[in-house]
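The values are calculated or read from the model by the stated rules, or taken from the named source; none is laboratory data. All values derive from a computational prediction rather than experimental measurement. We place every Cβ from the backbone using ideal geometry, glycine too, and count neighbours over all the protein chains shown.
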Amino acid sequence: MFKDITGTATFNLLAKGLDVSSRRHRVISNNIANVNTPRFKRQIITFEEEMAKVFDGKVELVGKRLDDRHIPIEQVNYMDVKPTTITDRAHVMRNDKNNVDIDVEMSDLAKNTMTYQVHSARLAAMFADLNDVISRGGRV
């Protein structure tokens, strides 16, 4: 029963969303902490774009299998998509070569906080439903 609830795509995607939001929060916090560090380059987390490609079926790499033992390239599972940390070296805003814009970072932090809250609320609701089923034990 527990595996039926926690093994669903919804549960897995929400858990992955929490992991990505947590990682993004650490990166944004690091950017904010280094706003006045000369030559510091901001970092960003990319994830949603890659996940959208998987769900849209727009995988960039396609391969042909000649044997069942070959690794299937065209079949990408959403659980295989991982967040990537990218350092933004292209943009320079200030004379000290630092490219952190505090307004952008605070905006990203607020957006990420809301995303985390939505994911955690949905997971909490799933566990509340499971708890309700366990505590009632089939009684109405």
Considering only residues of the stretch 111-140 that are surrounded by 12 or more Cβ atoms within 10 Å (Cβ to Cβ) and charged (D, E, K, R), which is modelled with the lowest pLDDT?
-> Arg122
Name the residues in the stretch 7-24 that are among the hydroxyl-bearing types (Ser, Thr, Tyr), modelled with pLDDT under 90 and part of a helix (DSSP H, G or I), would you?
-> Thr10
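In the stretch 90-110, which residues are of a type in the set (A, V, I, L, M, F, W, C), surrounded by 12 or more Cβ atoms within 10 Å (Cβ to Cβ) and free of Cβ contacts under 8 Å to residues at least 24 places away in the same chain?
Taking the stretch 90-110 and keeping what is of a type in the set (A, V, I, L, M, F, W, C), we get 90, 92-93, 100, 102, 104, 106, 109-110.
So of that shortlist, the ones also surrounded by 12 or more Cβ atoms within 10 Å (Cβ to Cβ) come out as 92-93, 100, 104, 106, 109.
Matches in the stretch 90-110: Val92, Met93, Val104.
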List every residue pair whose Cβ atoms sit under 6 Å apart, with the two residues 6 or more apart in sequence or on different chains, where the first one lies in the stretch 111-140 and is under 19 Å from Val27 (Cα atoms) and the second, anywhere, is surrounded by 10 or more Cβ atoms within 10 Å (Cβ to Cβ) and of a type in the set (Lys, Arg).
-> Asn112/Arg24
